[in-house]
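Below is one structure, written out as structure tokens; comments come after it.
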Amino acid sequence: MTERAAIILAAGVSSRMNTQLPKVLHEVCGRPMLAYVLDACREVGVAKIYVIVGFGAEQVEQQFDDTKNITWVKQNEQLGTAHAVMCCKEYLKDFKGETLVLCGDGPLVRAETLSTLIGKHQMEQAAATLATAVLEDPTGYGRIVRDKYGNIQGIVEDADCSREQLAITEINPSYYLFNNRILFEAVEQVKPDNVKKEYYLTDAVSYIISTGHKVVAVTAVRPEEAMGVNSRTQLSVASKIMQKRIQQELMDHGVTIVDPDNTWIDARAKIGQDTVIEPFTYIHGDVKIGKACRIGPFAYLRPGTILENDVVLGVFTEVKNSLMADGVRVRHHSFIGDATVGRNVNVGAGSITANYDGHNVNRTEIGDNCYIGSGAVLVAPLVLKEGTHVNAGAVVTHENATQLPGKGK
Ligand code: UD1
Ligand code: CA
């Protein structure tokens with residue numbers, strides 16, 4: 001079996017984003033862009049992934065703790081995408097397999113497309129296989145130049161295009177698979193002969209074609225997948241597309257999303273079957289929601305929220321870092337933070353946990369079957385025994401909690 005490596009280009013400074021943060025750390029639906037590209041590589045069984053980092057390299061490395069098959073490769077000066085690939089030479093010069101090259105600013109790449117790329121590459125016994133997409137507005141992308149028979153002649157960068165070439169709508173999404181040996185032969189030949197004076201990886205593709213090797217393309221990659229993120233506007237568009245995918249997958253797994261356009265769900269969230277997400281709900285972070293829950297409208301679930309089954313969270317309910325057991329009801333205007341809420345607890349309208357005392361964040365434990373009346377303030381740290389009844393408007397503290405009626409220990 002052919003061994004496969006991947007090179008992910010993520011060293012760029014990203015002037016167009018106007019940012020201090022390395023571009024690939026900008027988040028799409030709660031995860032850094034680079035995470036999606038790594039996932040796609042792993043999903044198609046790439047054994048070794050080389051990530052080229054430069055601008056903010058340490059910051060990028062720190063963000064990823066699951067680095068089991070990643071080698072971070074430093075590109076000290078960002079001289080272009082071909083130069084970035086060259087930085088892997090010491091690792092890959094004797095590698096006999098195939099090498100995927102992807103950009104860290106292309107979070108919408110799908111593993112299925114990479115599989116198609118790999119399949120075509122092998123079937124055609126190609127030296128290089130690239131993906132192409134047809135965009136209504138190809139501005140900014142490298143254009144695929146073909147001869148009159150339809151054979152690919154090369155890729156011309158936007159800044160270097162003639163007027164005729166600018167009209168080409170078939171573009172380079174920057175997903176490539178190369179015979180590794182031929183890739184490194186070619187990148188060595190690239191000269192910074194262009195408007196930007198950069199070493200372009202796209203010129204390596206043209207070089208491979210000019211030396212008579214077979215270069216083929218997987219055409220008709222969906223436009224939404226081809227997108228690279230170079231600006232904040234593109235970041236927002238990519239986020240929207242990713243959001244659609246996340247929701248689609250949840251719906252396929254039996255989650256009802258009443259109004260997808262007015263719902264935002266983090267890529268890390270997990271939601272169980274027959275749960276209904278009402279409009280204007282925002283789920284942020286690694287939230288876990290069980291089966292047959294009803295969330296929203298206007299609910300805000302933050303990192304560390306775990307809901308078991310049949311939990312109802314209603315309008316303007318905010319939950320953070322809390323566990324809610326089966327049957328909990330928090331229907332209106334509540335904040336529950338850093339709490340464990342037992343089975344069948346009912347939290348009345350406007351009741352909150354006061355989890356922060358100005359210095360520390362403290363926990364609240366609410367036993368099974370407690371009833372919290374409306375407008376109560378539960379001042380943490382606090383333990384409410386099973387079956388406790390809290391009157392409307394009460395301010396419950398560690399000191400007065402023991403006097404409340406209840407049946408727990
Ligand atoms: C690149 C392609 C273009 C394609 C587009 C798709 C080249 C020359 N152009 O253009 O054909 O249509 O992507 O989105 O390859 N990077 C480095 N080191 C460098 C330069 C760049 O690691 O020295 C990284 C960047 O961080 C980025 C990626 O390579 O993640 C692509 O670079 P970028 O400058 O965004 O290229 P584009 O102009 O978008
Ligand atoms: Ca780009």
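In the set (1) out of contact with any Leu (no Cβ under 8 Å at 6 or more places or on another chain); (2) within 30 Å of Pro279 (Cβ to Cβ), Leu313 fails one condition alone, (1). The number of residues in the range 154-183 that are away from ligand 1 (no atom under 11 Å from the Cβ), open to solvent by 20 Å² or more (accessible area, probe 1.4 Å) and part of a helix (DSSP H, G or I) comes to 5.
Pairing each residue of the range 1-17 that is at pLDDT below 95 with any residue that is within 10 Å of ligand 1 (Cβ to nearest atom) and among the hydrophobic types (A, V, I, L, M, F, W, C), provided the two are 6+ apart or on different chains, yields C-beta distances under 6 Å for Val13/Phe55. For Ala204, the stated conditions do not hold, so it cannot be described as closer than 18 Å to Ala40 by Cβ and surrounded by 20 or more Cβ atoms within 10 Å (Cβ to Cβ).
Considering (1) more than 10 Å from ligand 1 (Cβ to nearest atom); (2) within 30 Å of the chain's Cα centre (by Cα), the lone condition that Asp94 does not fulfil carries the number (2). Among the residues that make up the range 245-256, is at least one of them farther than 30 Å from Pro138 by Cβ, surrounded by 20 or more Cβ atoms within 10 Å (Cβ to Cβ), modelled with pLDDT of 95 or more and away from ligand 2 (no atom under 16 Å from the Cβ)? Yes, that holds for at least one residue. Can you confirm whether Arg268 is in the same structural domain as Gly104 (by TED's automatic domain parsing) and either open to solvent by 50 Å² or more (accessible area, probe 1.4 Å) or within 16 Å of ligand 2 (Cβ to nearest atom) (or both)? Against the criterion (in the same structural domain as Gly104 (by TED's automatic domain parsing) and either open to solvent by 50 Å² or more (accessible area, probe 1.4 Å) or within 16 Å of ligand 2 (Cβ to nearest atom) (or both)), Arg268 does not qualify.
When the test is whether a residue is at pLDDT 95 or above and away from ligand 2 (no atom under 16 Å from the Cβ), Thr81 does not pass it.
Tallying residues that are part of a helix (DSSP H, G or I) and within 13 Å of ligand 1 (Cβ to nearest atom) within the range 6-37 yields 10.
Here the condition is being touching a residue at least 40 places away in the same chain (Cβ under 8 Å), under 18 Å from Ala238 (Cα atoms), of a type in the set (A, V, I, L, M) and open to solvent by 50 Å² or more (accessible area, probe 1.4 Å); of Val109, Val134, it holds for Val134 alone. Given the options Val205, Val145, name the one that is within 15 Å of ligand 1 (Cβ to nearest atom), closer than 19 Å to Thr81 by Cβ and part of a strand (DSSP E or B). On inspection, the qualifying residue turns out to be Val145.
Here the strands (runs of 3 or more DSSP E) wholly within the range 271-384 that include at least 1 residues being under 20 Å from Leu404 (Cβ atoms) are 329-337, 339-341, 352-354, 364-366, 377-379, 382-384. As for the range 234-244, it holds no residue that is open to solvent by 60 Å² or more (accessible area, probe 1.4 Å), of a type in the set (Ser, Thr, Tyr) and either outside any helix (DSSP H, G or I) or farther than 24 Å from His26 by Cα (or both).
The values are calculated or read from the model by the stated rules, or taken from the named source; none is laboratory data. Since we're looking at a predicted model, the values are computed, not measured. Positions of Cβ are backbone-derived with ideal geometry, glycine not excepted, and every protein chain shown enters the neighbour counts. Accessible surface is based on the protein model in full, side chains and every heavy atom, while ligands, DNA and RNA are left aside. Shrake-Rupley method; radii C 1.70, N 1.55, O 1.52, S 1.80 Å.
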